[in-house]
1. Report the calculated FRET efficiency for D:Leu51 and A:Ala42 (r = Cβ-Cβ distance, R0 = 35 Å), to the nearest 0.05.
2. Rounded to the nearest 20 debye, what is the charge dipole size of the protein assembly as shown about its Cα centre when +1 sits on each Lys and Arg Cβ and -1 on each Asp and Glu Cβ?
3. Can you list, shortest first in nanometers, how far C:Leu51 lies from the same residue in the other copies, with each label 7 Å from Cα toward Cβ?
4. Would you mind pulling out the separation of the Cα centroids of the stretch C:34-99 and the stretch B:1-33, in Å?
5. Please compute the average number of Cβ atoms from other chains found within 10 Å of each residue's Cβ in peptide B:2-11.
6. Which distances, shortest first and in nm, link B:Val34 to the matching position in the other copies, using label points set 7 Å out along Cα to C-beta?
7. Using θ = phi - 60° and the Karplus relation 6.51 cos²θ - 1.76 cosθ + 1.60, list the HN-Hα couplings for the stretch C:24-35 in order, rounded to whole Hz, with x at every Gly or Pro.
8. Using Cα atoms only, what is the angle between the long axis of helix D:92-102 and the major principal axis of chain D, expressed in degrees (0 to 90) to the nearest 10?
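What follows draws every value from the coordinates through simple rules; no lab data is involved. Quick caveat: nothing in here was measured; it's all calculated off a predicted structure. Note: ideal-geometry Cβ built from the backbone for every residue, glycine included; neighbour counts use all protein chains shown.
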Protein chains: 4
Amino acid sequence: MSPARLEAFSDGVFAIAITLLVLDIHVPEARSGVSLAHQLGAQWPSYAAYLTSFLTIGIIWINHHAMIRRLRAIDHTIMTLNLLLLLTIGVLPFTTALVAAYVKQGHGQHLAAAIYSGSYLLMSIVFAATNRHILFAKVRLHRVELAERERRSIIARGVAGLAPYLLATGLAAVSAYAALAICGAVAVFYALPVASADSAAASGG
Amino acid sequence: MSPARLEAFSDGVFAIAITLLVLDIHVPEARSGVSLAHQLGAQWPSYAAYLTSFLTIGIIWINHHAMIRRLRAIDHTIMTLNLLLLLTIGVLPFTTALVAAYVKQGHGQHLAAAIYSGSYLLMSIVFAATNRHILFAKVRLHRVELAERERRSIIARGVAGLAPYLLATGLAAVSAYAALAICGAVAVFYALPVASADSAAASGG
Amino acid sequence: MSPARLEAFSDGVFAIAITLLVLDIHVPEARSGVSLAHQLGAQWPSYAAYLTSFLTIGIIWINHHAMIRRLRAIDHTIMTLNLLLLLTIGVLPFTTALVAAYVKQGHGQHLAAAIYSGSYLLMSIVFAATNRHILFAKVRLHRVELAERERRSIIARGVAGLAPYLLATGLAAVSAYAALAICGAVAVFYALPVASADSAAASGG
Amino acid sequence: MSPARLEAFSDGVFAIAITLLVLDIHVPEARSGVSLAHQLGAQWPSYAAYLTSFLTIGIIWINHHAMIRRLRAIDHTIMTLNLLLLLTIGVLPFTTALVAAYVKQGHGQHLAAAIYSGSYLLMSIVFAATNRHILFAKVRLHRVELAERERRSIIARGVAGLAPYLLATGLAAVSAYAALAICGAVAVFYALPVASADSAAASGG
């Protein structure tokens with residue numbers, strides 16, 4: 001299989017997942033005695049979770065391109081790892097909706113935040129594993145030879161990128177808001193031009 | 001990253017957002033004593049908002065193509081700006097559903113119309129900012145050299161295109177219907193062949 | 001704009017609309033005293049409308065390709081007409097859900113069937129108009145020169161293809177089932193290899 | 001029609017169907033007295049059905065590519081068969097939601113599991129029929145000549161791939177869980193690198 005078709009299919013899943021996120025921002029029901037402004041304000045977790053997931057999927061899409069661009073051919077293991085990666089992207093609309101619904105609730109907020117942060121953590125682990133497999137086990141499929149030092153550096157930075165999600169997932173047990181804030185901060189950080197040059201480097205871009 | 005892949009991903013988001021709009025046109029529940037014709041007629045705001053958003057996304061897609069076509073390569077700032085632009089497209093199914101649900105309500109109609117017009121305004125601002133960045137800061141990435149006068153003229157027309165949305169967002173405080181009418185008129189105006197030649201020029205097409 | 005990008009965007013809308021149709025087939029609520037088989041059987045109109053719309057969108061996609069394939073470039077009028085065509089495709093998930101919900105109802109069934117057949121009629125009219133515009137007004141953009149006789153024959157067959165939808169829309173006032181049956185028969189007819197060679201010819205394939 | 005455009009449209013449908021699956025995993029309603037963990041745990045059939053369908057669509061996408069890659073041109077019969085195949089993919093979000101909702105119910109679970117397994121069976125049959133048509137009836141459209149023995153072997157393995165779905169569909173009458181387990185096992189088996197080399201071979205990859 002050519003990398004082009006793998007990219008086209010993956011791009012489709014990224015684009016659909018990122019666009020489906022909006023279905024979890026609900027139009028408040030018209031109720032007497034409650035202003036629309038109040039109702040819209042009350043669902044701020046939906047906006048925060050939406051923004052975070054939108055940026056995160058956008059960044060992982062950019063990094064995915066950098067990862068696949070290195071290959072001149074795709075084998076079955078890469079396809080399977082890529083499918084697992086898409087699976088972790090595909091569930092984000094659910095985990096995003098879950099945290100948006102529960103972060104303000106008296107009960108369930110810690111679990112929801114842990115699942116949300118944990119889904120990002122899982123996504124990053126599968127991404128790093130796929131990148132590692134491509135960089136070390138599939139050297140023969142590379143377009144351009146990369147020095148081992150460079151490859152090690154890419155992986156090291158990718159693993160470093162897991163840290164905040166690990167922290168957020170752990171912190172969720174203490175504060176759902178803190179977990180959400182970390183995930184949001186990571187998204188904004190990597191979207192910024194300076195940081196993302198780093199991120200692109202981290203994923204070998 | 002090649003402009004082709006940026007376009008492919010963006011096209012995906014445009015195509016999905018434009019098609020998801022239909023999910024906000026609801027099939028009326030069968031009720032005794034109320035004719036289907038009456039129920040369908042009563043939800044005319046859904047049709048108006050749908051048409052306006054469909055045409056607007058279609059036009060911005062055309063202009064997006066004209067904008068990206070100028071580039072022979074993409075850097076990270078362009079990708080980030082493009083991601084922000086897609087974010088303003090991605091929320092349109094929500095703002096469209098919001099105005100459709102509230103424009104006829106006693107309360108909330110002004111706010112809903114302001115959010116709706118405001119989402120178009122935001123989209124146009126991000127579009128103009130992206131275009132400005134590409135035309136002035138990224139001259140080295142252009143496929144073909146453009147005279148500065150021409151580039152200034154493109155931006156000037158792009159900024160002029162913000163005016164009606166600014167007016168609509170302001171007017172929403174007075175009349176939700178007027179705001180909706182302006183947004184609809186803009187969509188129809190730019191979809192017309194003559195006007196859109198202008199629009200294409202405005203965005204440098 | 002290159003025909004390739006117009007096709008890519010249009011393909012996206014076709015693919016999304018055809019896949020969104022499934023959202024209108026609902027999982028019956030588990031109720032005591034009513035078997036799932038009975039409930040699933042009772043929603044046969046959903047399956048019939050789904051099948052019809054799926055095949056119809058698939059066929060129009062094939063014909064769309066034949067239409068655009070003739071062009072070596074796209075101008076703004078073609079883009080606008082194409083956007084209108086996509087609009088008539090984009091509403092199909094709604095009209096499909098509408099007829100599925102109302103065809104068995106005591107009231108509203110005639111209107112729902114008329115809207116359903118009418119949406120196909122509108123789609124076919126916009127398709128024929130776009131094809132006519134391309135074949136006669138945009139000869140200078142053709143890849144290969146077509147004899148006028150051939151072009152007239154393509155249009156004639158395209159217009160003939162409107163007839164069953166016109167009949168179905170009219171018949172809906174008398175029998176919703178008959179309208180649905182005609183739309184379904186058209187879809188099956190054009191999907192069959194023999195008929196569709198004709199259809200492909202009709203749309204200039 | 002070029003195989004490239006058929007692939008692009010099919011890829012779109014695969015990508016959308018695989019991503020829409022997530023809409024059937026519902027965020028539990030916040031209720032007092034029931035923990036979120038309990039509610040999330042109770043909907044394990046949704047996760048199992050999601051995973052199975054996600055992997056299955058991913059695998060059929062890979063095999064689809066192997067099938068179409070053999071062709072240098074597409075005719076109308078292939079397009080119709082491909083459209084039927086996409087139809088069997090398009091209904092999977094419904095059958096997946098159905099089995100997830102009913103597998104734990106006292107009544108309807110057998111039927112739901114039979115429909116679920118049956119939809120995979122149907123998909124596999126249409127896939128095998130399309131492959132058979134391409135391999136034997138459309139030799140003139142092949143990119144590279146394949147020995148008849150090789151073609152027979154591809155079909156034989158494809159037919160063998162139907163067996164577990166046939167078994168699952170039959171077993172559903174006895175145990176819904178067993179049917180679901182078989183479908184899940186098939187998905188995991190073909191996703192594994194070793195097995196899927198076989199699968200790729202089975203579909204001629």
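1. 0.55
2. Charge dipole, the protein assembly as shown, about its Cα centre: 1720 debye, nearest 20.
3. Computed spacing set for this position: 3.5, 3.5, 4.9 nm.
4. Answer, in whole Å: 14.
5. Across B:2-11, the average partner-chain Cβ count within 10 Å equals 5.
6. 2.1, 2.1, 3.0
7. Values per residue, Gly and Pro as x: 8, 9, 8, 6, x, 6, 5, 10, 6, x, 10, 6 Hz.
8. 30 degrees
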